[in-house]
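Asks: Quick one: structure below, then a few questions.
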Amino acid sequence: MMALGQAFRLIRDGYMDKMIVGGLDYNCNQNVLPGMDSFGALSRTHNHDPENAARPFDVDRDGTILSDGGAFILLETEESALKRNAPQIYGEISGYGQTNDAHNMLKPHDNGLGILAAMLEAMKEGDIHPS
């Protein structure tokens, strides 16, 4: 998300017309898995039912599920997309917010104030009222 936010700002501020932006996670390896397991970060209650193990918003969530993945997109100005006759414009970024929460290595504080602060920052930058 940080890469997307930085690309958004570089384009918005006129430094770039378009950027390929994205990221990846490579967690399923001999260095990350044992470390995550050693401090109890991995879910242990759903090993028999892996399809239902990843429950990031469940009140009974007991840990994380590691996987590998990545995505990259072309982020550009509307003018650039129209100039190249883009067949589809999928969305618009009007603001970006970022915060840090040192409550826990794996999850934000239960009060949600860090997430709320990031959303409010993005709405303020995008001139969007919370209502």
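Quick note: the coordinates plus some simple rules give every number you see, no bench work behind them. Given the structure is predicted, the values throughout are model-derived calculations rather than measurements. When we count neighbours, we look across all protein chains shown, and the Cβ atoms used for this are built from the backbone with ideal geometry, even at glycine.
Asks: What FRET efficiency comes out for residue 107 versus residue 73 if R0 is 22 angstrom and r is the Cβ-Cβ distance? Round to the nearest 0.05.
Replies: Values: r = 27 Å, r/R0 = 1.22.
My answer for the efficiency is 0.25.
Asks: So, one more: Using the beta-carbon distance between residue 33 and residue 84 and R0 = 41 Å, what value does 1/(1 + (r/R0)^6) give for FRET efficiency, to the nearest 0.05?
Replies: With R0 = 41 Å, the Cβ-Cβ based efficiency is 0.45.
Asks: Per DSSP H run of at least 4 residues, take -39500 (n - 2.57); add these up for the chain, divide by its residues and hand me the 222 nm value, nearest 500 deg cm²/dmol.
Replies: It lands at -8000 deg cm²/dmol.
Asks: What angle, in degrees between 0 and 90 and rounded to the nearest 10, separates the Cα long axis of helix 113-125 from the longest principal axis of the Cα atoms of the chain?
Replies: 10 degrees
Asks: Match the structure shown to one of the listed values [x] 34, 20, 14; [y] 41, 19, 11; [z] 33, 14, 12 of semi-axes √(5λ) of the Cα gyration tensor in Å, computed from it, and give that label.
Replies: Given [x] 34, 20, 14; [y] 41, 19, 11; [z] 33, 14, 12, the calculated one carries the label [x].
Asks: Something else now. Roughly how many nanometres apart are two label points built 7 Å out from the Cα toward the Cβ at residue 46 and residue 59?
Replies: With each label point 7 Å from Cα toward Cβ, the separation is 1.7 nm.
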